[in-house]
Amino acid sequence: MAKQRRKKVDPRCVPVSKRDVLKAKKEATDDAITYAWAILFTVMRDKFGWGPVRLNRLWDEVNNLSGSIIQGYVKIPDLVRTLDEEAGIKLVNTLKK
């Protein structure tokens with residue numbers, strides 16, 4: 001009986017499951033969102049002098065709009081288009097239209 005050769009495994013490669021990939025993707029997305037909020041709120045506070053009251057009002061309105069999006073009353077591509085048309089703010093839109 002001939003010995004079977006085992007294929008060498010690259011020690012730098014770690015096998016991952018689909019669950020691991022999805023978990024890493026969610027963590028990266030959560031981190032990106034947290035970083036974006038931190039940047040926005042820091043600019044509002046440091047550069048525009050917003051205090052805790054205004055920042056909390058902004059956060060409440062963000063949560064209200066998020067609820068409208070979840071309920072289907074508002075669509076994000078519509079918000080992106082409106083910001084572009086009315087305020088000249090061009091957001092990178094990676095969402096499918």
Compute and list, largest first, the equivalent-ellipsoid semi-axes of the chain from the alpha carbon gyration tensor, each √(5λ) rounded to a whole angstrom. 45, 19, 14
Measuring from the longest principal axis of the C-alpha atoms of the chain, the long axis of helix 18-46 (C-alpha) lies at a number of degrees, nearest 10, equal to 30
Please give me, ordered by residue number, the trypsin sites (Lys or Arg not before Pro) of the stretch 1-70 that lie in loop per DSSP and have at most 12 other Cβ atoms within 10 Å. LYS3, ARG5, ARG6, LYS7, LYS8, ARG12, LYS47
log₁₀ I(q)/I(0) of the stretch 48-97 at q = 0.15, 0.26, 0.29 Å⁻¹, via Debye over equal Cα point scatterers, no solvent, to two decimals? -0.55, -1.01, -1.02
Testing the spin-label approximation: label points 7 Å from Cα along Cα→Cβ at ILE70 and CYS13. State their distance in nm. 4.1
With every protein chain left in place, what is the accessible area per residue of the chain in square angstrom, probe 1.4 Å? 98
Put a dot 7 Å past each Cα toward the Cβ at ASN63 and TYR35; how far apart are the dots in nm? 2.6
The chain: calculated mean residue ellipticity at 222 nm from DSSP helix runs of at least 4, using -39500 (n - 2.57): -21500 deg cm²/dmol
Taking every Cα atom in the stretch 1-43, find the radius of gyration and the maximum pairwise distance Dmax, and write them in Å. 20.5, 72
Report the number of Lys pairs in the chain whose alpha-carbons are under 17 Å apart, with separation of 8 or more residues or on distinct chains. 4
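The values are calculated or read from the model by the stated rules, or taken from the named source; none is laboratory data. The model shown is predicted, which means the values in this text are computed figures rather than measured ones. Glycine gets a Cβ as well: all are built from the backbone with ideal geometry, and neighbour counts include every protein chain shown. These area figures cover heavy atoms from the full protein model, side chains too; ligands, DNA and RNA do not enter into them. Shrake-Rupley method; radii C 1.70, N 1.55, O 1.52, S 1.80 Å.
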